[in-house]
Amino acid sequence: MTAERDVEREVEVEYTRLRIPFGPIHPALKEPVLLRVSVRGEEVVDVDMALGHVHRGIELLAEGRNLIQTLYLIERICGICSHSHTTCFIQALEEIGGITPSKRALYLRTLIFEMERIHSHLLLLGVIAYEIGFDTLFMFTWHVREKILDLFEKITGNRIHHAMNTIGGVRWDLTPRMVEEIDAYMREVEKSVKYIHNVFMDGTVEKRVCGLGVLSYDDAVKLCVVGPTARGSGVDIDVRRDHPYAAYDELKRDFSVVVERGCDVYARTEVRILEIFESINIIRAILDRLPDGPIRPKENVFRLMRGIPEGEAISLVEAPRGELLYFVKTDGSGGLKRLKVRTPTFSNLIGLKPMLIGCEIADVPVIVASIDPCLSCTNRLIVIDQERGESNVIDVDSLRHRVRRRWMRQ
Amino acid sequence: MKFGKMLRDALRSLFRKPVTVEYLTKPGRMVPVSERFRGRLTYDRDACIGCLLCVRVCPSGVIASTEDMKVAFNISRCILCGQCAEICPKEAIKLSTQFEIITGNKNGLILK
Ligand code: SF4
Ligand code: SF4
């Protein structure tokens, strides 16, 4: 036994074991993360995670504000799934206040939700393409995404922070011309995503990402990962189907939950590509069956806010990255006693550890990207040579060079 | 090979008109924005009745009441959510489509 351990120690001395801090700062996030990656040679042997950098204290800020102000504050938690956050929050408020939005409002909410899912998934596909060194595909994907942002601007007045939700409904209605435009865009996006899917199925991409970052079904269940990360490991969960909210109850038959059993980066990418098609189906169904009626109550928001009694509620939505949870406790006079947000990335980050261990250092960016963490990752890494106590900075570009070199080898 | 197809597309796009547009700073020559676009605030002081509803809903503390029972805006803090324009009973606040808010003079961002 002792002899064995000695042998092991010898090996460790022989190879330089490096710890690479990966992260943490990215201001657009609720959960910037620092990954301390220990490597032996090129192989990742351990991952340590530290959360809490750039903690913005949004939950505390919310407690000092009234509900309307909080609505716009929490929209700023995330720049990609801003609509998911407000929907989740508003649902909780509506439950406490006993307010039922009109059918049309719910359908419009769902519409923006699915458009957001398309743009979020396209963003990630671009990032994955970029991380594996395929810049043409990255540009192509983001070009498709750009048009949906323009569409957002037409419908809601802003590309990112739509400010669509309000207590008891939504703020902007669709005009017949917009319906046509969305329909035309959906045809275009369908064509483009088919093309992107085709390129992702190409042997070169497949070789690069297949079998990379494996998160087994058992690990996925044990670590409670959510969203496309879980569905890529064969876990069949989706809040839209399991606990329908907004208009998903009536749209149940118009989409199916995409589950892949590959457990690797490729499977998670594939889940997202196929989910874009499902989102297109949902949007088409919404445009087909959009009910008439008012989009919001007649009273102004201030009165509605005053009418919300003291109480607490939990609300769930399926954000593009997975299950998003809000706990809201109101104080009865238009303020908040407590707000708790649990974002999907928080659940998914823990899944990174089994994914990363055993992979090569050049694969770290693409694996981290594959869970679609709401963090644009590292601008630079510091490599600390523990043996000699030296530290030198590797920026992301040189890391990408390694990525490319590796790709060339294959 | 599909990869080759992408390469062909990439080569073809070399000869196409660029997708990106030049940023033109001359007013009237900028990229058009949509009708609902939320840009710089405008304030009609005469229409305002001083109800201060806008002060109470503004999420970022842009609006302050003035001594003559009207309001003043510090636009540099505005996040362009449009809630003040929505709640104003007299429609004294509107959001224009002007998206270039930056000035060299900070006082230019105080709207009265
Ligand atoms: S648009 Fe929003 S942030 Fe700007 S002044 Fe109005 S309420 Fe305040
Ligand atoms: S809500 Fe309108 S009328 Fe009331 S104080 Fe503000 S600007 Fe004036």
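Across region B:41-61, what is the total count of residues that are more than 7 Å from ligand 1 (Cβ to nearest atom) and of a type in the set (S, T, N, Q)?
Residues in region B:41-61 being more than 7 Å from ligand 1 (Cβ to nearest atom) and of a type in the set (S, T, N, Q): 1 in total.
Every residue in region A:181-201 that is under 16 Å from A:PHE152 (Cβ atoms) and away from chain B (no Cβ under 11 Å), please.
Hits for region A:181-201 are A:ILE182, A:ASP183, A:ALA184, A:TYR185, A:MET186, A:GLU188, A:VAL189.
Within region A:289-298, identify whether any single residue is free of Cβ contacts under 8 Å to residues at least 12 places away in the same chain, within 14 Å of chain B (Cβ to nearest Cβ) and surrounded by fewer than 17 Cβ atoms within 10 Å (Cβ to Cβ), and answer yes or no.
Yes - at least one qualifying residue is present in region A:289-298.
Out of curiosity, is A:LEU51 surrounded by 20 or more Cβ atoms within 10 Å (Cβ to Cβ) and either among the aliphatic types (A, V, I, L, M) or modelled with pLDDT under 85 (or both)?
no
Sort through A:LEU122, A:LEU151 and tell me the only one that's away from chain B (no Cβ under 11 Å) and hydrophobic (A, V, I, L, M, F, W, C).
A:LEU122
Of all residues in region A:156-180, which are away from every other protein chain (no Cβ under 12 Å) and either part of a loop (DSSP other than H, G, I, E, B) or within 17 Å of A:THR70 (Cβ to Cβ) (or both)?
A:GLY168
Based on what the data block shows, is B:SER34 at pLDDT below 90, touching a helix residue (DSSP H, G or I) at 6+ places or on another chain (Cβ under 7 Å) and hydroxyl-bearing (Ser, Thr, Tyr)?
Considered against the rule, which asks whether it is at pLDDT below 90, touching a helix residue (DSSP H, G or I) at 6+ places or on another chain (Cβ under 7 Å) and hydroxyl-bearing (Ser, Thr, Tyr), B:SER34 comes out as yes.
Report, by residue number, each residue of region B:79-88 that is within 6 Å of ligand 1 (Cβ to nearest atom) and assigned to a loop (DSSP other than H, G, I, E, B).
Selection gives B:ILE79, B:LEU80, B:CYS81, B:GLY82.
Of these, A:THR204, A:THR229, which one is assigned to a helix (DSSP H, G or I), within 30 Å of A:LEU352 (Cβ to Cβ), within 11 Å of another protein chain (Cβ to nearest Cβ) and touching a helix residue (DSSP H, G or I) at 6+ places or on another chain (Cβ under 7 Å)?
A:THR204
For region B:37-58, state whether one or more residues are under 30 Å from A:PHE138 (Cα atoms) and either in contact with a strand residue (DSSP E or B) (Cβ under 6 Å, 6 or more places away or on another chain) or not aromatic (Phe, Trp, Tyr) (or both).
yes
So, in region B:38-62, of the ones that are assigned to a loop (DSSP other than H, G, I, E, B) and among the aliphatic types (A, V, I, L, M), which residue ends up farthest from ligand 2 (Cβ to nearest atom)?
B:VAL62
Hand me the list of strands (runs of 3 or more DSSP E) wholly inside region A:324-400 holding 2 or more residues that are over 18 Å from A:LEU34 (Cβ atoms) and either modelled with pLDDT of 70 or more or under 22 Å from the mean Cα position of the chain (by Cα) (or both).
A:336-342
Can you pull out every residue in region A:260-273 that is free of Cβ contacts under 8 Å to residues at least 60 places away in the same chain and not basic (Lys, Arg)?
Once the filter is applied, which keeps residues that are free of Cβ contacts under 8 Å to residues at least 60 places away in the same chain and not basic (Lys, Arg), region A:260-273 yields A:GLU260, A:GLY262, A:CYS263, A:ASP264, A:ALA267, A:VAL271.
The rows are residues; the columns are (1) acidic (Asp, Glu); (2) surrounded by 19 or more Cβ atoms within 10 Å (Cβ to Cβ); (3) modelled with pLDDT under 90.
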| position | (1), (2), (3) |
| --- | --- |
| A:ILE148 | no, yes, no |
| A:ILE155 | no, yes, no |
| A:THR166 | no, yes, no |
| A:PRO176 | no, no, no |
| A:VAL179 | no, no, no |
| A:SER192 | no, no, no |
| A:MET201 | no, no, yes |
| A:LYS207 | no, no, yes |
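Quick check: is even one residue across region B:16-24 within 16 Å of ligand 1 (Cβ to nearest atom), farther than 12 Å from B:LEU111 by Cβ and surrounded by fewer than 19 Cβ atoms within 10 Å (Cβ to Cβ)?
No; the residues of region B:16-24 include none that is within 16 Å of ligand 1 (Cβ to nearest atom), farther than 12 Å from B:LEU111 by Cβ and surrounded by fewer than 19 Cβ atoms within 10 Å (Cβ to Cβ).
Filter region A:57-84 for residues that are outside any loop (DSSP other than H, G, I, E, B), more than 14 Å from chain B (Cβ to nearest Cβ) and within 15 Å of the chain's Cα centre (by Cα) and give the result.
A:SER84
Taking region B:63-100, which residues are more than 14 Å from chain A (Cβ to nearest Cβ) and away from ligand 2 (no atom under 16 Å from the Cβ)?
B:SER76, B:GLU100
B:ILE102 versus (1) surrounded by 10 or more Cβ atoms within 10 Å (Cβ to Cβ); (2) over 25 Å from A:VAL301 (Cα atoms); (3) of a type outside the set (S, T, N, Q): which is the lone unmet condition?
(1)
Could you tell me which of the residues B:GLU35, B:GLU91 is among the acidic types (Asp, Glu), under 30 Å from A:LYS298 (Cβ atoms) and either in a helix (DSSP H, G or I) or under 14 Å from the mean Cα position of the chain (by Cα) (or both)?
B:GLU35
Got at least one residue in region A:305-312 being within 14 Å of chain B (Cβ to nearest Cβ) and crowded, with 22+ Cβ neighbours inside 10 Å?
yes
Conditions tested, residue by residue: (1) of a type outside the set (D, E, K, R); (2) in a helix (DSSP H, G or I); (3) surrounded by fewer than 24 Cβ atoms within 10 Å (Cβ to Cβ).
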| residue | (1), (2), (3) |
| --- | --- |
| A:THR86 | yes, yes, no |
| A:ALA92 | yes, yes, yes |
| A:ARG117 | no, yes, no |
| A:TYR130 | yes, yes, yes |
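Does B:ALA64 qualify as being at pLDDT 90 or above, touching a helix residue (DSSP H, G or I) at 6+ places or on another chain (Cβ under 9 Å) and within 9 Å of ligand 1 (Cβ to nearest atom)?
Taking the combined requirement at face value, the residue does not satisfy it.
Which of the residues that make up region B:63-78 are out of contact with any strand residue (DSSP E or B) (no Cβ under 9 Å at 6 or more places or on another chain) and in a helix (DSSP H, G or I)?
Across region B:63-78, the qualifying residue is only B:ARG77.
The values are calculated or read from the model by the stated rules, or taken from the named source; none is laboratory data. Everything numeric in this text was worked out from a predicted model, so none of it was measured. Neighbour counts are summed over all protein chains in view; Cβ atoms, including those assigned to glycine, are modelled from backbone coordinates with ideal geometry.
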